[in-house]
1. Return the FRET efficiency for the residue pair residue A:122, residue A:59: r is the Cβ-Cβ distance, R0 is 45 Å, and the value is rounded to the nearest 0.05.
2. Hey, got the average number of other protein chain Cβ atoms within 10 angstrom for residues in B:105-115?
3. Once every DSSP H run of n ≥ 4 in chain A is given -39500 (n - 2.57) and the sum is divided by its residues, what mean residue ellipticity at 222 nm do you get, rounded to the nearest 500 deg cm²/dmol?
4. Taking the 0 to 90 degree range and rounding to the nearest ten, how far is the long axis of helix B:9-33 tilted relative to the main principal axis of chain B, both from C-alpha atoms?
5. Between residue A:87 and residue A:136, 0.36 nm times their residue separation minus their Cα-Cα distance comes to what?
6. Taking a 19 Å limit on the Cα-Cα distance, which of the listed pairs B:51/B:117; B:15/B:50; A:21/A:75; A:129/B:15 fall beyond it?
7. Positive end of the dipole of the stretch A:30-104, charges at C-beta (+1 Lys, Arg; -1 Asp, Glu), about the Cα centre: which of A:34, A:90, A:55 has its Cα farthest in that direction?
8. Compute the acute angle (0 to 90°) between the alpha-carbon long axis of helix A:8-30 and the principal axis of greatest extent of the alpha-carbon atoms of chain A; round to the nearest 10°.
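Readers should treat all values here as calculations from the given coordinates under stated rules, not as data from a laboratory. Treat the numbers as computed from the prediction; the structure is a model and nothing was measured. Glycine gets a Cβ as well: all are built from the backbone with ideal geometry, and neighbour counts include every protein chain shown.
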Amino acid sequence: MIRIMSGADTTVAALNAERMKLEVISQNIANANVTNTPEGGPYKRKEVVFESVMNEAFKSQDGNNETPMMVKVGKVETDETPGITIHDPNHPDADAEGNVTLSNVNIHEEMVDMIMASRAYEANLSAMKYARSMAVQTLRIGRS
Amino acid sequence: MIEGLFNQTNYVATKKMMDATTLRQEALASNIGNVETPGYQRMDVSDSFKKQFSKAISQGGKEAFGDLNASLEVDSSAIARDETGNTVDLESEVLQLGENQIAHQLESKIITGSLAKLRLAITGRP
């Protein structure tokens, strides 16, 4: 198979992975103040772990084994560290002693993760643009 | 006789360079895609190809370019950028994307120029 746009499948995989990470981060931020989930207890933040696999579609010219690595979301883990417990007897989810445990979402960390993921997403878009313009340029070879 | 038309040293050398440039794009796409993958080591076109290519250029002769094939390898001189050992520096990779594209444009201009000269020689018209 001719790879006219070099690295396009690698870049698409990365765009998908970063987008999924952004979705998980938005979910964390949206649920940052939830103290009462259907499973009981406060919301526990989720995080994605990336892993990369060899690109099967890539064939090197001299049979050497190195291929570009395609990234994917390996797993979505739940962070089990407990959130802080505050004393607020007026809170609707306060227990008998007036304490309530908050979710373990740290907004500052989520914002930093979000910035990293957006940055990576934009860099991948840039790679896709360059791959496309190189392919267009290739097709112009020989045209006067 | 037909091979003679397309065997000029510059033409052959530029074709090999263009193969390496498109291969490099694959490596850069892999690096940028894996900027957040724990422990990922950046890759690039192999050093041995670069050395052999420079040698072939300085020694002249199109036979030297014959079996030269670019391949990917892990960049062993890259340093870790985060605590997981990921060696990708995003700014540097994006910069190299730009350089790679300029190199590709240069190579395609050279190849188009060689073909245009041939066309001029054969048909008398550019």
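1. Details: r = 30 Å, r/R0 = 0.67.
With a Förster radius of 45 Å, E is 0.90.
2. On the way: counts 4, 0, 3, 7, 3, 1, 3, 6, 0, 1, 4.
Counting Cβ atoms of other protein chains within 10 Å of each residue's Cβ and averaging gives 3.
3. Details: 2 runs with 56 residues, N = 144.
Roughly -14000 deg cm²/dmol at 222 nm, from the helical runs in chain A.
4. 20
5. Numbers: separation 49, 0.36 × 49 = 17.64 nm, distance 6.35 nm.
Taking residue A:87 through residue A:136 to full extension adds about 11.3 nm, to one decimal.
6. Pairs exceeding 19 Å: B:51/B:117; A:129/B:15.
7. Sorting the options by dipole projection puts first A:55.
8. Helix A:8-30 sits at roughly 10 degrees to that axis.
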